[in-house]
């Protein structure tokens, strides 16, 4: 699944830091030692960021118990952030939290950086650190000296982001999708409605839809609702991908696309459905849907590959056999993701469900063994000709009962498989005839 990013996290950082507590207290704190005061002045007034960072670090080494330690560390955070050094930025924030455990700016900066690292690497330790710091942020109480209005601004800017960070940890590291869903919901409930129409709020609306689709079993009505909400405000270059998922889950739940426009309108008007849960009419049973398709399709060969597999998987034996009588011994391309491959057999996931579950629904026995160097890598995607394609002849099929992560499907076996490699177009190069000189310009 392509990750959708709707706004720079640094933009979010700048918003939050506007309301961060003022830590530089040199106007109210007196440095009594003249040498310490001069060292502080020299370090804090450096114009070059690298020189400033080095000077501030030297000051902290020379005066580890200075009364302006918090102020220096706060300045270091800003300086390292300006230098785009995330490791040193989060290091300065961690040291500030040792001095000032409730410092909201230091907590937020730590969460901001670790959230990016967790999302990029999925490293369990990084993600768990992220979740722990975000929970620390949510548990932070209003510090002395911070007005109610300033505290409201700080928590309004940071608490939704903390919930988003915990959700990421829950889903990526702890594999607890239900807990992640609750955190995303908490985040979105804290945001003003307009904030969910763009930026991180819109991005996490989409992530909430993804989580509802990923939970076991999938919560299809809620997935549909939040996909529809994300689609309503997504940038144009993301709409096609989101709409594909919206249509898939709505059709899977409802059986057809009728009524979806009404859901789109409701979701565009409200972040959460009235009454708390989306109201949608469930589809007919898979067997009933198959029966309708068989009756309404005069030529079963015109069905796409996914629909053919659905009929073989979910239809009655009579309907499945009716389709199989048409498919048996026919040649077909097998577009999909390679799950397993050898020199003689290639196993492919064709449907979206099979790809998500990383399970092969097509097994292609090759006509001729491949050389080892030609065996496709796991994850390779075959396309429809004339692109590089895998083709084979329908040989047999079997229905596979549903599991906790995969709806009932069919495993289809093909024989005489072949790989048809896409032929590159050769552009002829016309050489001038012997003795011919280019025209003068």
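With the requirement that a residue be part of a helix (DSSP H, G or I) and surrounded by fewer than 15 Cβ atoms within 10 Å (Cβ to Cβ), what does segment 167-182 give you?
Result: 178, single match.
Here are 185, 252: which of them is surrounded by fewer than 22 Cβ atoms within 10 Å (Cβ to Cβ), more than 18 Å from the chain's Cα centre (by Cα) and outside any loop (DSSP other than H, G, I, E, B)?
On inspection, the qualifying residue turns out to be 252.
Listed residues 320, 360, 325; which is in a helix (DSSP H, G or I) and either under 26 Å from residue 250 (Cα atoms) or touching a residue at least 12 places away in the same chain (Cβ under 8 Å) (or both)?
Residue meeting the stated conditions: 320.
Only residues that are at pLDDT 95 or above and touching a helix residue (DSSP H, G or I) at 6+ places or on another chain (Cβ under 7 Å): list them for segment 349-394, please.
394
Across segment 267-297, what is the number of residues that are free of Cβ contacts under 8 Å to residues at least 24 places away in the same chain and not in a loop (DSSP other than H, G, I, E, B)?
6
Give the residue that is farthest from the chain's Cα centre (by Cα), with candidates limited to residues of segment 142-166 that are closer than 13 Å to residue 102 by Cβ and part of a helix (DSSP H, G or I).
Pass one, segment 142-166, residues closer than 13 Å to residue 102 by Cβ: 142-146, 151, 154-155, 158.
Those left that are additionally part of a helix (DSSP H, G or I): 151, 154-155, 158.
Values: 151: 31, 154: 27, 155: 26, 158: 21 Å.
Selected residue: 151.
Could we say that residue 120 is touching a residue at least 60 places away in the same chain (Cβ under 8 Å) and either out of contact with any strand residue (DSSP E or B) (no Cβ under 9 Å at 6 or more places or on another chain) or assigned by TED's automatic domain parsing to the domain that holds residue 95 (or both) here?
Considered against the rule, which asks whether it is touching a residue at least 60 places away in the same chain (Cβ under 8 Å) and either out of contact with any strand residue (DSSP E or B) (no Cβ under 9 Å at 6 or more places or on another chain) or assigned by TED's automatic domain parsing to the domain that holds residue 95 (or both), residue 120 comes out as no.
Within segment 303-317, count every residue that is more than 31 Å from the chain's Cα centre (by Cα), part of a helix (DSSP H, G or I) and under 19 Å from residue 414 (Cα atoms).
Total meeting the criteria: 2.
Test of understanding: among 259, 265, 275, which residue is surrounded by fewer than 20 Cβ atoms within 10 Å (Cβ to Cβ) and either within 30 Å of residue 402 (Cα to Cα) or under 18 Å from the mean Cα position of the chain (by Cα) (or both)?
Matching residue, one of 259, 265, 275: 259.
Restrict the check to segment 203-214 and report whether at least one residue is under 15 Å from the mean Cα position of the chain (by Cα), outside any helix (DSSP H, G or I) and at negative phi.
So in segment 203-214, the residues under 15 Å from the mean Cα position of the chain (by Cα) come out as 203-214.
Okay, now just the ones that are also outside any helix (DSSP H, G or I), so none.
No.
The values are calculated or read from the model by the stated rules, or taken from the named source; none is laboratory data. What you are looking at is a predicted structure, and each value in this text was computed from that prediction instead of being measured. Positions of Cβ are backbone-derived with ideal geometry, glycine not excepted, and every protein chain shown enters the neighbour counts.
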